[in-house]
Amino acid sequence: MISWPTMRPIFTPLAAGFVLLSGCSLAPKYQRPDAPIAPSYLTGSPASGSQTAIPAAELAWREFFGDARLQRLIGLALENNRDLRVAALNVERVRAIYNIQRTALIPSLDATANGSRQRTPAQLSPSGQAVTSSSYSVGLQIPSYEVDFFGRIVSLRDQVLHQYLATQEARNSAQISLISAVARQALALIAAEEQLALARETLAAAEQSLALNRQTFEGGVTSELDLRTAEAQRETVRANVSLLAQQVEQFRNGLVLLVGAPLPDDLPPAASLATQKLIEDLPAGLPADLLARRPDVRAAEHALQAANANIGVARAAFFPSVKLTAFGGSASTELSGLFKSGSGGWSFSPSITVPIFAAGRNKAQLDVAWIEQRIEIATYQRTIQNAFREVADALAVRNLINEAVAAQEARVVAAQRRYELTQQRFTAGIDSFLGVLLAQQELFAAQQSLIDARLARLANLTALYAALGGGWQDTSFLNPATR
């Protein structure tokens, strides 16, 4: 009887030898391309943020967004958003493909059992008589295994590995984009609700002005012109209220789409734009830091490395392919003698295939591989340029947006005082209602502009946080494999 301990001395060194026979990859040595960006930002130097502040890429989104409602909405989106779920499942799929590909470097071992009975008719039998024969075998075999002398399998493994890593970084980039989109949409909804509340307050003031003008007109104090002017102002504000109410619903619908589920009723109350808690002193660092901090840049580099490995696969096609099969076990013409002494047997079958003529196919495949590598280089450098542009734009806005908010706040104070004075002069009969109307319109416009400026400031901080690579670290709660 042939046992596994008996055959193990054959297969163990043989399998180890197969692995040792694997050659090095023929892929060109990878060198990171130059980053076609300036060494520093034109606006917002590294000193623009506190040197002790945490870089955005190391700052979890729950720390950056301090508002409880915003945190809840982002958490719901990360759990329910279908686009992010597809990205996460793509990571799992490519990881499984990589696990399959890397096993090609190790010979597989199968247990086999075969049996057959065959009758040879007399006309075909050497003895001139019909013969019935039997054969049985059991054992272990290594099916066709490619010895990777020229690194084809290694290059394929490296290619799939970098595709997996690129997919993982793409998922991280998708998370950053989703967090930024949810935050911006939620802030835009708050702004729209504040605009709507402001318009309703202005409508109430317009109603009071209209009632006052109607009384003074009926009393013969003011003209019909003032009455009709007050009516027109009231209707204008009513139209604005209706339009802003539509915008609130549209922003809410957009937020529901990003979250991936209806908004729960137990959401924390929304903080106003003026009291939102976002970290402001994000250090910009140097443009070169984006290469390590931005997942989309890392994904582009992994895609480039995968294309680089594919060149090794194309090069290996020019060289011979060596395949081996092996079997060790027991064989007998009788089932009862299958495990008797002396029934052991083995076989070892190498084969080699040498490419001689392929009508230029291998050369064309190598040309394609080189072209794809150059495409990925251009894509990688373009990704870096886009990242640089996003950070530079956000820094440029950050340097000036606080001044704009302060200016709008001062404008509201001045417009509010002007409105109060014109009301007093109209009530005293000194001026016509036209002055009140103009002051009211200016106050309404100033208050709207202040809301817009505050929203722009918060949106800019969110954009800068995303542009600097913040928001992808907290992924422990997301496990698509369990969904």
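The values are calculated or read from the model by the stated rules, or taken from the named source; none is laboratory data. Computed from a predicted structure; not experimentally measured. No Cβ is skipped: glycine too gets one built from the backbone with ideal geometry, and neighbour counts run over all protein chains shown.
Screening the stretch 213-226 for residues that are crowded, with 19+ Cβ neighbours inside 10 Å and not β-branched (V, I, T) and picking the one that is nearest to L438 (Cα to Cα) gives D226. The set of residues in the stretch 289-342 being acidic (D, E) and over 22 Å from A378 (Cα atoms) consists of E334 alone.
Yes or no, residue by residue, for (1) aromatic (F, W, Y); (2) exposed (fewer than 11 other Cβ atoms within 10 Å of the Cβ); (3) free of Cβ contacts under 8 Å to residues at least 40 places away in the same chain:
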position	(1), (2), (3)
G342	no, yes, yes
S347	no, no, yes
T353	no, yes, yes
N362	no, no, no
E376	no, no, no
T379	no, no, no
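In the stretch 318-340, the qualifying residues are those that are over 42 Å from the mean Cα position of the chain (by Cα) and in a loop (DSSP other than H, G, I, E, B), and the one that is surrounded by the most Cβ atoms within 10 Å (Cβ to Cβ) is L338. Among what's in the stretch 429-481 and is among the acidic types (D, E) and outside any helix (DSSP H, G or I), pick the residue that is modelled with the highest pLDDT. Only one residue fits best here, namely D431. The residues of the stretch 250-299 that are in a loop (DSSP other than H, G, I, E, B), in contact (Cβ under 8 Å) with a residue 24 or more places away in the chain and not hydrophobic (A, V, I, L, M, F, W, C), listed by number, are G260, P264, P268, P269, S272, Q276, K277, E280, D281, P283, G285, R294. The single condition from (1) over 22 Å from S155 (Cβ atoms); (2) more than 25 Å from the chain's Cα centre (by Cα); (3) assigned to a helix (DSSP H, G or I); (4) of a type in the set (D, E, K, R) that R315 fails is (1). Cβ-Cβ distances below 6 Å connect the following pairs, each with a first residue in the stretch 132-149 that is over 13 Å from F348 (Cβ atoms), a second residue that is small (G, A, S) and not in a strand (DSSP E or B), and a separation of six or more residues or different chains: D148/S22; D148/G23; F149/G23. Taking the criterion of being of a type in the set (S, T, N, Q) and surrounded by 15 or more Cβ atoms within 10 Å (Cβ to Cβ), the only residue of the stretch 246-271 that qualifies is Q247.
Of all residues in the stretch 106-154 being in contact with a helix residue (DSSP H, G or I) (Cβ under 7 Å, 6 or more places away or on another chain) and charged (D, E, K, R), which is farthest from R315 (Cα to Cα)? Restricting to residues being in contact with a helix residue (DSSP H, G or I) (Cβ under 7 Å, 6 or more places away or on another chain) and charged (D, E, K, R), the top hit is E146. Could you go through the stretch 267-277 and let me know if any residue there is of a type outside the set (S, T, Y) and in contact with a Ser or Thr (Cβ under 9 Å, 6 or more places away or on another chain). Checked against the condition, which is being of a type outside the set (S, T, Y) and in contact with a Ser or Thr (Cβ under 9 Å, 6 or more places away or on another chain), the stretch 267-277 yields no hits at all. Selection within the stretch 69-128: residues that are polar (S, T, N, Q) and assigned to a helix (DSSP H, G or I). The member of this set that is nearest to G328 (Cα to Cα) is T103.
Checked against (1) at pLDDT 90 or above; (2) in contact with a Lys or Arg (Cβ under 9 Å, 6 or more places away or on another chain), L73 passes all but a single condition, namely (2).
Name every residue in the stretch 139-168 that is in contact with a Lys or Arg (Cβ under 7 Å, 6 or more places away or on another chain) and either modelled with pLDDT of 90 or more or not in a strand (DSSP E or B) (or both), in order of residue number. Listed by number, the residues that qualify are R157, Y164.
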